[in-house]
Amino acid sequence: MGLSRPTVRKHLLTTKEPKYTRAHSPAPRLVPFKAQLKEWLMEDAKLARARRRTGHRLFEGLQTIGYGGAYDSVQRFVRRWKSSNQGPKLTEAFVPVQFLPGDACQFDWSQEQVELGGVLQKIKVAHFRLSYSRQMFVVAYPRETQEMVLDAHSRAFAFFGGVPARMIYDNLKTVVDTVYAGKARQFNRRFLTMANHYLFEPVACKPASGGEKGQVEKQVGNIR
């Protein structure tokens, strides 16, 4: 079995899975330095996370004042102190996004490689996806210029047979001229002319927030 006899015997004599616990190490060499280590940890807690000392840097600091014990003892002490003094860690939460019929459409570009006339070429593909019905529309272009953005919208709306209330984008240069704090944007003048013609509201995602248009990003991979 590749197991020791005591291990097999323990399994035979118990009805539940055996649990192995590590005995608490008193770390006697660290005792005279605990007060100094606590003081450093309290000082670091007031600093930004990027400026706080790591466990190894604290260990090196203790060595300079005479500590001759192991790094593991310092690491265990730091871990216990942080868990009891800094509270639970905050986690980022996401709110599920729901859409009404005709409410929104998500847009994205992808770069693909195709063979045209026996020659491999890179092309740009415009992706549209209605957020409620999941209906998609895809059209390919040689480049990602503004006139091709406008043409893609015209073709998509003709295909869908209507125009959604909102169009959701990344901060494309052909769509957004300036990104401000939060959701505030200065949209491109020519792009706004098209939006006013079709009467839809352009919405730009926050930077690095792919979840705001996750449907069309998933569509890119599926179609590829």
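The values are calculated or read from the model by the stated rules, or taken from the named source; none is laboratory data. Being a predicted model, the structure only gives us computed values, none of them experimental. Counting neighbours? That spans all protein chains shown, and the Cβs are built from the backbone with ideal geometry, glycine included.
Close Cβ contacts (under 7 Å, 6 or more residues apart or on different chains) running from residues in region 65-81 that are farther than 17 Å from R53 by Cβ to residues that are hydrophobic (A, V, I, L, M, F, W, C) comprise G69/A27; G69/L30. Name every residue in region 114-143 that is more than 18 Å from T174 (Cα to Cα), part of a loop (DSSP other than H, G, I, E, B) and not small (G, A, S), in order of residue number. Answer for region 114-143, where residues must be more than 18 Å from T174 (Cα to Cα), part of a loop (DSSP other than H, G, I, E, B) and not small (G, A, S): Y132, R134, Q135. Here A156, A140, A204 are screened, and the one residue that is touching a residue at least 24 places away in the same chain (Cβ under 8 Å) and closer than 18 Å to G102 by Cβ is A156. Just one of the numbered conditions (1) among the aromatic types (F, W, Y); (2) modelled with pLDDT under 90; (3) surrounded by 14 or more Cβ atoms within 10 Å (Cβ to Cβ) is not true of Y141: (2).
Screening region 144-186 for residues that are among the aliphatic types (A, V, I, L, M) and part of a loop (DSSP other than H, G, I, E, B) and picking the one that is surrounded by the fewest Cβ atoms within 10 Å (Cβ to Cβ) gives A181.
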